[in-house]
Amino acid sequence: MPLLRYRTHDLTALHYEKCACGRTLVRMDRILGRCDDMLIIRGVNVFPSQIEDVILKLPEYEPHFLLTVDRVNNTDTSELKVEVKDEYFTDDMATMVGLQKKLEGELRSVIGLGFKVKLVEPKGIERSEGKAKRVIDKRKFEK
């Protein structure tokens, strides 16, 4: 119910028109993310949940990632570390570069932003006990 989402800063849309099934109550779209989770990188709104959705759709990667955002020469830079599943992780550079390019292309097409992807071995990203730390923002904004 939309009432349960009141003031949680979830980003979604409400539909007031009658549904094809006959429902007349207000309907809510899928939650896109939370406005407090949103990052703006080079003018593009990026949600960690968008990155996670892309990674989960591809079978070669574990759902563990770490996005590091920094600012170099007044330009935002973003590096995404992603764990590769055991069965896809190999010493063959051509295979690993192919996996890296595949993920970079998918992220660019879905989010509209290029990320520098760095593939790491399984369990190569630190796990946390509580809420997963997925984003490190090193940018310093001047007021």
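Among the candidates Leu67, Leu11, Leu32, single out the residue that is at pLDDT 80 or above and either within 28 Å of Tyr88 (Cβ to Cβ) or surrounded by 11 or more Cβ atoms within 10 Å (Cβ to Cβ) (or both). Walk me through it before giving the result.
Numbers: Leu11 fails: at pLDDT 80 or above; Leu32 fails: at pLDDT 80 or above.
Matching residue, one of Leu67, Leu11, Leu32: Leu67.
Screening Ser78 with (1) under 20 Å from the mean Cα position of the chain (by Cα); (2) open to solvent by 70 Å² or more (accessible area, probe 1.4 Å); (3) not charged (D, E, K, R) gives one miss only, at (2). The listed residues are Leu58, Leu39, and the only one of them that is farther than 12 Å from Arg134 by Cβ, open to solvent by less than 60 Å² (accessible area, probe 1.4 Å) and within 14 Å of the chain's Cα centre (by Cα) turns out to be Leu58. The single condition among (1) closer than 26 Å to Thr75 by Cβ; (2) surrounded by 13 or more Cβ atoms within 10 Å (Cβ to Cβ); (3) among the acidic types (Asp, Glu); (4) modelled with pLDDT under 85 that Glu52 does not satisfy is (4). Checking each residue in segment 104-135 for being under 13 Å from the mean Cα position of the chain (by Cα) and part of a strand (DSSP E or B) picks out Val117, Val135. Does segment 102-125 hold any residues that are touching a residue at least 40 places away in the same chain (Cβ under 8 Å) and either open to solvent by 100 Å² or more (accessible area, probe 1.4 Å) or among the acidic types (Asp, Glu) (or both), and which are they? Glu106, Lys123 - these are the residues of segment 102-125 that are touching a residue at least 40 places away in the same chain (Cβ under 8 Å) and either open to solvent by 100 Å² or more (accessible area, probe 1.4 Å) or among the acidic types (Asp, Glu) (or both). Among the conditions (1) modelled with pLDDT of 90 or more; (2) in contact with a Phe, Trp or Tyr (Cβ under 7 Å, 6 or more places away or on another chain), the only one that Val110 does not satisfy is (2). Beta carbons closer than 6 Å, at least 6 apart along the sequence or on distinct chains, pair a first residue in segment 23-42 that is closer than 25 Å to Asn74 by Cβ with a second that is at pLDDT 80 or above and aromatic (Phe, Trp, Tyr) for Asp37/Phe47; Met38/Phe47.
Residues of segment 91-101 that are touching a strand residue (DSSP E or B) at 6+ places or on another chain (Cβ under 9 Å) and surrounded by 12 or more Cβ atoms within 10 Å (Cβ to Cβ): Met96, Leu99, Gln100.
For segment 35-92, give me each residue that is small (Gly, Ala, Ser) and within 19 Å of Val120 (Cα to Cα). Explain how you work it out, then say what you get.
Step one: list which residues in segment 35-92 are small (Gly, Ala, Ser), which gives 43, 49, 78.
The one that is small (Gly, Ala, Ser) and within 19 Å of Val120 (Cα to Cα): Ser78.
The values are calculated or read from the model by the stated rules, or taken from the named source; none is laboratory data. All values reported here derive from a predicted model rather than from experimental measurement. Positions of Cβ are backbone-derived with ideal geometry, glycine not excepted, and every protein chain shown enters the neighbour counts. Heavy atoms of the whole protein, side chains included, go into the accessibility calculation; ligands, DNA and RNA do not. Shrake-Rupley method; radii C 1.70, N 1.55, O 1.52, S 1.80 Å.
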